Amino acid sequence: MTEIFFEADIGKYRGEVMAIFNYYVENSFAAYPERKLPDKLFDMFLEIAKKYPVYVIKIKDTDQVAGFCLLRSYNPFSAFNETAEISYFIDKDYVGQGIGGQALQKLESDAKRLNIQTLLADISSKNTGSIKFHQKHGFRECGRFKNIGKKFGEYFDVVWMQKTIG
C-alpha cells in the first residue's frame, strides 16, 4: 500500500487537481462533464464542499499529488445535516495502490466527527470499478436513475450508493 498524507490547504493545487479531474472527464464515465474543464472551475469544488473536509492526497516520499477527496452536502436543508456525499479522484498512475480506500477511511472518520450518519455516492453505471470499490467498502445500491446521462454517445444510469456509518 502506498503511503500517503492528506493536505487540507488544497487551494495551491488547483492545476494538479484539475488535471486529475480532467483525465477522468476525457477518458471515462467517472466524471460527468463531456469536455475538459478550465482550471477556474476548481473553485466549484471548494464551493460545493463549503463547511466540509476537502483534501489533496499526496505521496509521502515524493510530495507528488496523487488525488483529491471531499465531502459535500447532500441537500442544504437541515433535515439532511447527517447525510453527506463523498467524492474522490485518484491520479491514474496511482489507481489500485490502496489510496482510494485510505481516502474513504479518512473521509469516514471526518464524517463521524461531524455527526454525519450516512454517506452517499452517485456513480455512473458505466463506472463499474467504482461500483465494485464502494460495494467492497460497505456501500449498497439504494437507487438508480435509468438512462439519464449521455456521454461519448452512450446513455448511462446514475447509481446511488449508501453507507451508514453512525
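The values are calculated or read from the model by the stated rules, or taken from the named source; none is laboratory data. This one's a predicted model, so the numbers in the text were calculated from it and none came from an experiment. Glycine also receives a Cβ, built like all others from the backbone with ideal geometry; neighbour counts cover every protein chain displayed.
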Problem - Count of segment 96-124 residues which are of a type in the set (Ser, Thr, Tyr) and either part of a helix (DSSP H, G or I) or free of Cβ contacts under 8 Å to residues at least 60 places away in the same chain (or both) - result: 2
Exercise for the section: Would you be able to tell me the number of residues in segment 91-120 that are under 11 Å from the mean Cα position of the chain (by Cα) and surrounded by 21 or more Cβ atoms within 10 Å (Cβ to Cβ)? Expected result: 4
Completion exercise
Across (1) farther than 17 Å from VAL17 by Cβ; (2) part of a strand (DSSP E or B), VAL56 clears everything bar (1)
Exercise for the section: Please indicate, with yes or no, whether at least one residue in segment 33-55 is surrounded by 13 or more Cβ atoms within 10 Å (Cβ to Cβ), in contact (Cβ under 8 Å) with a residue 40 or more places away in the chain and on the phi > 0 side of the Ramachandran plot. Expected result: no
Exercise for the section: Scan (1) loosely packed, with under 15 Cβ neighbours inside 10 Å; (2) more than 27 Å from LYS106 (Cα to Cα); (3) in contact (Cβ under 8 Å) with a residue 40 or more places away in the chain for the single condition LYS151 breaks and write down its number. Expected result: (1)
Exercise for the section: Return yes when LYS150 is farther than 23 Å from VAL54 by Cα, at pLDDT 95 or above and over 18 Å from the mean Cα position of the chain (by Cα) and no when it is not. Expected result: yes
